[in-house]
Amino acid sequence: MILIHCPYCDEQRPEIEFAYAGQAHIARPVDPDTYSDEEWERFLFIRANPRGRHHERWRHSHGCGRFFNAVRDTVTDKFETTYKAGEPRK
Amino acid sequence: MSGYRLPAGGRIDRSKPVAFQFDGKRYQGFAGDTLASALLANGVSLFGRSFKYHRPRGLLAAGSEEPNALVSVHRGPGRFTPNLRATNVEIHDGLNASSQNRWPSLKTDFGAINDRLGMFFPAGFYNKTFMWPRSFWDRLYEPAIRKMAGLGDAPTEVDPDNYAATYAHCDLLIVGAGPAGLDAALEASGTGKRLILIDEQDEAGGGALADPALWPWLERSMKALSSAANVTILTRTTAFGYYHDNFVGAVQRLTDHLPANSEAPREKLWRIRAGEVLLAQGAIERPLVFDGNDTPGVMLSSAAKIFANRYGVAVGKSLALMAVHDSGWHDVFALKKAGVGIAAIIDARDVVDESLLAEAAALGVAVHLNHSVIGVKGRHQVASIEICANGNDVRRSIPCDALLMAGGWTPSVHLWSHSKGSLKWRDDLGAYVPDQPNENCRSIGACSGDWDFGTGAVYDVLPTPKDQARIKAFVDFQNDVTAKDINLAVREGFRSIEHIKRYTTNGMATDQGKTSNLNGLQIASTALAKAVPDIGLTTFRPPYTPQTFGALAGHAKGALFQATRTTNIDGWAEENGAIFELVAQWRRARYFPKFGEDMHAAVNRECVAVRNSVGIFDASTLGKIEVVGPDAAEFLNRMYTNPWKALEPGRCRYGLLLKEDGFITDDGVSARLAPDRFHLTTTTGGAARVLNMMEDYLQTEWPDLNVWLTSTTEQYAVIALQGPNARKLLEPLVEGIDLSAEAFPHMAIREGLICGIPTRLFRVSFTGELGFEINVPTAYGRALWERLMAEGADYGITPYGTETMHVLRAEKGFIIVGQDTDGTVTPYDAGLDWAVGKKKPDFVGRRSLARPDIIAVGRRQLVGLLTEDPKMVLEEGAQIVADPNQPVPMTMIGHVTSSYWSETLGRSIAMALVANGHAMLGETIYVPMPDGTHKAAISSMVFYDPQGARLHV
């Protein structure tokens, strides 16, 4: 069971306290109507599947309840870092 | 092999005799014996029958690597454990064990015919032979094979034992309490670190337990560690898996070694998080591969030493040793000194250390260098061995009753590999050893390749002048894999060791190849003419040894398997005979049968009562979210399809929630209590999901909005009072709320008191009748319910359950998200266009409603169905076709989502998703079901009171 550092609680906690929430840094468009069907399809469905560093979102569901971002290596399953929502991509 | 108890020695307590049974026969051992050592001491040599050929097998080892001596232990009804290693089973008074995979008895096993037919059972035999016809596989081949080839029987009764579980945290976890582990523990115990020391055996010591010279040191060490407050010692505990971030799973066996069954937990699962892990698991001796190496009495050299020195048992009266490693010589010297007869030492090497030869000479032990064992005589036990000079067909026979094998050592890198630490090959050891760690972990002692019992040579198969195709030289004893099988796999084109493993099943038995993996690798390496590191190593996965399901399940069984959520009113429902169903994790009353009623009779009665007078329903499980803040209306406006900003305080609105892909994910009626406060309701199953989704948008997309979301599902008990008499019943009980139609219209909320209890009173209806949903603080739920039941007696108030609720809502065409929708249904598909705010610039899912696939023709749309035969109730989930006479497979145009008998309408009603359904009103479709094809007409979904006259009264 992985340990995950919650950047809000500033605590290393077991994985069962957290919920995965998909790829990070995909902001919802401010004006979706200006998006073509293809652009909207990309926003909705198309996600990266890297071998290695992956930017992803987690929620400290059974803790502070906050969503945050993380960089995890998809090969080793090791977390490189976690950081608060709204902070620039690491 | 004719083992016997040595007159002295061992760690057994000779003053405490222990009586036990094996295969129905009574034996006696001593406290401290394992089943293996006690049976050996009684002269037993035959312990089991092999998996495939049913060959007679004896003990190979003395520890958890034992592949042959698998036994079943019976501890009374339901307490049956198959496939235990006799070497790990501690005897106690009354122990009842039996051998496996034999019929009718261990000595006379009819399945042994397989051994005579061995030439017909090569690697991949089952895959090659039982291919045709397909139908024979399920009916004939598989049952027959399973009956013949097998391990112990699976238990058939519910396990009555209890199992405990705990979490533990430490700075240092040491796995293995042999000399290396104990040394490390002694060193660390002085530092004040929180330390856990684990060992799978009944006492700490590991290899030192078989070395009497180390016993004084062992006693001192254990005394020091036991008295250290920072040290936890767990014996009879197997660290079976090493997971991410130094998380180690271990099972502690608590009561199996005790004479009587108790209510105390049988085993305990430890989930240990360690700062650092030290692996000191030791090494496992390798068998040698030669013809007849599975005859009972052929065993690991180290095992014979353990049986003599630890248990005071000689494995035979005259022992021969086949060695390629110095350690075997030392074992034999120790055995000789303990009084065990030694027939000869045979070593395949032509040169060994002078000191070994000198000691052998001093002890009067005959030595044959540059020789190999090429055959074993004896079926149920060794009678003699045939040896031959290497490269020179000069054979001779040596009488003996046991043959020891010293094939070198395999470091136990299992846990290291679980942790994804890398391995490196060492030619000199013929083994993989730990290289780079992947966790904060070190490997010490023999499991790192570090030992002091000499050196050896590495052989794949011992040299023999015999025809390789005619010998039975076993590599994997438990799965009956021979050197020939591995060579065959290579000849048939298998190149990767992972494929060779699966084709031959080498290393795939319950022992997971502890004694066979390296020999299999060496043989494959020779056959492929490639160095071992170039053909790889199969992956070690947890568990290290098999563990019980009971230990892994722990408390999570029966009623504790999953939490059951109950409402404050649940107890009343139970006392009043409710039949329950689970909805998400909630236990909900499905219907309340009166004497003799089946579900349909009860539901019909409940439905009629609601339509004609008044029914009462526990709606407490509805998800509830309090949305508070100056931007609350703006937030809901962005989340839901409907407009929220203009909703006046005191009014309610049906809210429809989409995911960003445009599909319905939840719905519910919500009320505005104040300009900055909303009381949201969600579906029972959707509460947590909806709150998570709203938090997601609030925290990450619109953090500028000043809104707070709080789950209030469990803060309110909710009682729905539905029916034409609902108002009359409520009126005298309510204070501060004008219930008149003018003052309190449909879809409104008022706050006040009911029976003196503060309430949020909704005037809403999921039945189509005049109705109220009374929210009171949870603790008052049952009291209010009972009061309403008493006050409502005059109106024949009728409690109803979820089944009646479903019928009533279906009569009105109200959807259930998740039943009538399935994650592919848009508001338009569901006929809920009216709930979509056309003028709103944006809401979650809005853009997707314009996607090409969503606006395309031919989507499945929600409609009503009226069967031609009004008595026919369609099956939910049944498929719908346009033409019942088309050839199979038919083109399916939709399916039935909801279907009920409506007592009110005197006929069946159904809802269905049908392609282009909205344009097919009145058209006929067909529903093929097992009892025939049924004709139905597409209709409106609102079957009852389409004008809503009954609501607005």
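The values are calculated or read from the model by the stated rules, or taken from the named source; none is laboratory data. Computed from a predicted model, the values in this text were never measured in an experiment. No Cβ is skipped: glycine too gets one built from the backbone with ideal geometry, and neighbour counts run over all protein chains shown. Side chains are part of the model used for accessible areas, which takes the heavy atoms of the whole protein and leaves out ligands, DNA and RNA. Shrake-Rupley method; radii C 1.70, N 1.55, O 1.52, S 1.80 Å.
Which fully enclosed strands (runs of 3 or more DSSP E) of chain A have 3 or more residues being within 12 Å of chain B (Cβ to nearest Cβ)?
A:3-6, A:11-14, A:19-23, A:53-59, A:67-73
Filter region B:736-783 down to the residues that are buried (at least 20 other Cβ atoms within 10 Å of the Cβ), within 44 Å of the chain's Cα centre (by Cα) and of a type in the set (A, V, I, L, M, F, W, C) and list them by number.
Once the filter is applied, which keeps residues that are buried (at least 20 other Cβ atoms within 10 Å of the Cβ), within 44 Å of the chain's Cα centre (by Cα) and of a type in the set (A, V, I, L, M, F, W, C), region B:736-783 yields B:766, B:774, B:776.
Within region B:660-686, track down each residue that is outside any strand (DSSP E or B), in contact (Cβ under 8 Å) with a residue 60 or more places away in the chain and more than 14 Å from chain A (Cβ to nearest Cβ).
Residues satisfying the conditions are B:683, B:684, B:685, B:686.
So which residues in region B:458-476 are touching a Gly at 6+ places or on another chain (Cβ under 9 Å) and surrounded by fewer than 18 Cβ atoms within 10 Å (Cβ to Cβ)?
Hits for region B:458-476 are B:463, B:465, B:466.
Confirm whether residue B:615 is at pLDDT 95 or above and at positive phi.
no
When region A:62-77 is examined, which residues are found to be surrounded by fewer than 18 Cβ atoms within 10 Å (Cβ to Cβ) and touching a residue at least 24 places away in the same chain (Cβ under 8 Å)?
Passing the criteria: A:62, A:63, A:64, A:74, A:75, A:77.
Among (1) touching a strand residue (DSSP E or B) at 6+ places or on another chain (Cβ under 6 Å); (2) among the small types (Gly, Ala, Ser); (3) more than 24 Å from residue B:583 (Cα to Cα), where does residue B:793 come up short?
Exception for residue B:793: condition (1).
Within region B:873-890, track down each residue that is open to solvent by less than 80 Å² (accessible area, probe 1.4 Å) and either of a type in the set (Val, Ile, Thr) or closer than 13 Å to residue B:930 by Cα (or both). Before the answer, list the steps.
Looking only at region B:873-890, we keep the residues that are open to solvent by less than 80 Å² (accessible area, probe 1.4 Å), and these are B:873-874, B:877-884, B:886, B:890.
Listed by number, the residues that qualify are B:873, B:874, B:877, B:878, B:879, B:880, B:881.
Across region B:306-325, what is the total count of residues that are more than 16 Å from residue B:61 (Cβ to Cβ) and open to solvent by 10 Å² or more (accessible area, probe 1.4 Å)?
So the answer is 2.
Just give me the residues in region B:1-35 being touching a helix residue (DSSP H, G or I) at 6+ places or on another chain (Cβ under 8 Å) and within 14 Å of residue B:73 (Cβ to Cβ), in sequence order.
B:20, B:22, B:34
Sort through B:226, B:189 and tell me the only one that's touching a strand residue (DSSP E or B) at 6+ places or on another chain (Cβ under 8 Å), in contact (Cβ under 8 Å) with a residue 12 or more places away in the chain and open to solvent by 20 Å² or more (accessible area, probe 1.4 Å).
Result of the check over B:226, B:189: B:189.
Give just the number: which of (1) buried (at least 17 other Cβ atoms within 10 Å of the Cβ); (2) in contact (Cβ under 8 Å) with a residue 60 or more places away in the chain; (3) within 14 Å of chain A (Cβ to nearest Cβ); (4) not β-branched (Val, Ile, Thr) does residue B:247 not satisfy?
(2)
Starting from residues that are open to solvent by 60 Å² or more (accessible area, probe 1.4 Å) and in contact with a Gly (Cβ under 6 Å, 6 or more places away or on another chain), keep the ones in region B:573-597 and report whichever is nearest to residue B:783 (Cα to Cα).
B:590
Would you call residue B:553 over 28 Å from the mean Cα position of the chain (by Cα) and surrounded by 13 or more Cβ atoms within 10 Å (Cβ to Cβ)?
no
In this structure, is residue B:739 among the aliphatic types (A, V, I, L, M) and either within 14 Å of chain A (Cβ to nearest Cβ) or out of contact with any helix residue (DSSP H, G or I) (no Cβ under 6 Å at 6 or more places or on another chain) (or both)?
Judged against the criteria, residue B:739 is not a match.
The rows are residues; the columns are (1) away from chain A (no Cβ under 14 Å); (2) part of a loop (DSSP other than H, G, I, E, B); (3) of a type in the set (Lys, Arg).
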site	(1), (2), (3)
B:215	yes, no, no
B:218	yes, no, no
B:239	yes, no, no
B:242	no, no, no
B:259	yes, yes, no
B:263	yes, yes, no
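Is it the case that residue B:714 is of a type in the set (Asp, Glu), closer than 22 Å to residue B:566 by Cα and modelled with pLDDT of 95 or more?
Here the answer is yes, as residue B:714 does meet what is asked.
Of the conditions (1) within 30 Å of residue B:481 (Cβ to Cβ); (2) open to solvent by 10 Å² or more (accessible area, probe 1.4 Å); (3) at pLDDT below 95, residue B:63 satisfies every one except a single condition; which number is it?
Answer for residue B:63: the failing condition is (3).
Just to confirm my filter: which strands (runs of 3 or more DSSP E) fall fully inside region B:406-455 and include at least 3 residues that are open to solvent by 30 Å² or more (accessible area, probe 1.4 Å)?
Details: elements: B:409-411, B:423-426, B:431-434, B:441-443.
Fully inside region B:406-455 and qualifying: B:423-426.
Does region B:916-925 contain at least one residue that is farther than 19 Å from residue B:885 by Cβ, in contact with an Asp or Glu (Cβ under 8 Å, 6 or more places away or on another chain), assigned by the TED database to the domain that holds residue B:864 and open to solvent by less than 30 Å² (accessible area, probe 1.4 Å)?
no
Can you tell me how many residues in region B:4-42 are within 38 Å of the chain's Cα centre (by Cα) and part of a strand (DSSP E or B)?
So the count comes out to 12.
Please go through region A:1-27 and give me each residue that is over 18 Å from residue A:54 (Cβ atoms) and open to solvent by 50 Å² or more (accessible area, probe 1.4 Å), ordered by number.
Result: A:8, A:9, A:10, A:11, A:12, A:13, A:16.
Please pick out the residue among B:882, B:856 that is out of contact with any strand residue (DSSP E or B) (no Cβ under 7 Å at 6 or more places or on another chain) and on the phi < 0 side of the Ramachandran plot.
B:856
Select the strands (runs of 3 or more DSSP E) contained entirely in region B:560-626, then report the ones holding at least 2 residues which are aliphatic (A, V, I, L, M) and within 35 Å of the chain's Cα centre (by Cα). Write out each step before concluding.
Working: elements: B:579-583, B:586-591, B:615-618.
In region B:560-626, the matching strands (runs of 3 or more DSSP E) lie at B:579-583.
Considering (1) of a type outside the set (A, V, I, L, M); (2) open to solvent by 20 Å² or more (accessible area, probe 1.4 Å); (3) within 14 Å of chain A (Cβ to nearest Cβ); (4) not in a loop (DSSP other than H, G, I, E, B), say which one residue B:848 fails and leave the rest.
Residue B:848 satisfies all of (1) of a type outside the set (A, V, I, L, M); (2) open to solvent by 20 Å² or more (accessible area, probe 1.4 Å); (3) within 14 Å of chain A (Cβ to nearest Cβ); (4) not in a loop (DSSP other than H, G, I, E, B) except (2).
Report, ordered by the first and then the second residue, all pairs with beta carbons closer than 7 Å, sequence separation of six or more or different chains, a first member in region B:778-803 that is farther than 17 Å from residue B:593 by Cβ and of a type outside the set (Val, Ile, Thr), and a second member that is open to solvent by 20 Å² or more (accessible area, probe 1.4 Å) and in a helix (DSSP H, G or I).
Within 7 Å, the pairs are B:782/B:571; B:782/B:572; B:785/B:572; B:786/B:572.
Quick test for you: out of B:709, B:730, pick the one residue that is touching a residue at least 40 places away in the same chain (Cβ under 8 Å) and not in a helix (DSSP H, G or I).
B:709
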